[in-house]
Amino acid sequence: MALYEERIVSKLFLLIILTPIAVMGWGTWRTYLAGEGFEIMLASWIFLTFVLLDIMAIKIEIDEEELRIRGLIGLIIRKTIRIDDIRSFKVSDNWMKCYGTMHFTFPAKGCVLINRRTGWSVSLSTNNPEELARVLSTLGVPREA
């Protein structure tokens, strides 16, 4: 059972992403009508669609054992951090103020920087930074000043 769950989507980014999907779909249709290279174009369009749909949103889940960051589909964007691997975290009121080695950011109200015991630091944007901080503190993760 998840202690915290949030999905972050940017409507502007959504419009920017849907444009190449639509244009490439139109191009795939035109190659079908032309009768040349349709299979390659179709495979490329399907691949591009899956990639762009995956980066369209970020889903954050926290349970008693781990913090999971996933894309919309979860094929490309996926990061799992065990709670006992988190050394500390820092909360910021602006989504552009976190400077982790790995970024999972969209325009949002704030961001959280996760400092890990092993591996790279991870920053993620959230619309509820204090709620996310409360859950991490409840799980025994210390908060940086």
Out of 12, 132, 53, a Gaussian network model of the chain with alpha-carbon springs under 10 Å gives the largest mean-square fluctuation to 12
Filtering GluC sites (Glu not before Pro) in the range 19-75 by DSSP loop and by at most 12 other Cβ atoms within 10 Å leaves 36, 64, 65
Debye calc, one equal point scatterer per Cα of the range 1-59, no solvent, log10 I(q)/I(0) at q = 0.24, 0.30 1/Å comes to -0.91, -1.14
With 0.36 nm assigned to each residue of separation and the Cα-Cα distance removed, residue 11 to residue 131 gains 40.9 nm
Length gained if residue 92 through residue 78 is fully extended, taking 0.36 nm per residue and subtracting the Cα-Cα distance, is 2.8 nm
With the 8 Å Cα cutoff and a minimum separation of six or more residues, the chain has a relative contact order in percent of 20 percent
When all Cα-Cα pair distances of the chain are considered, the percent exceeding 27 Å is 32 percent
If the chain between residue 34 and residue 66 were fully extended at 0.36 nm per residue, the gain over the current Cα-Cα distance would be 6.4 nm
Loop-resident GluC sites (Glu not before Pro) in the range 77-145 with no more than 13 other Cβ atoms inside 10 Å, DSSP not H/G/I/E/B, are 144
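Readers should treat all values here as calculations from the given coordinates under stated rules, not as data from a laboratory. Computed from a predicted structure; not experimentally measured. No Cβ is skipped: glycine too gets one built from the backbone with ideal geometry, and neighbour counts run over all protein chains shown.
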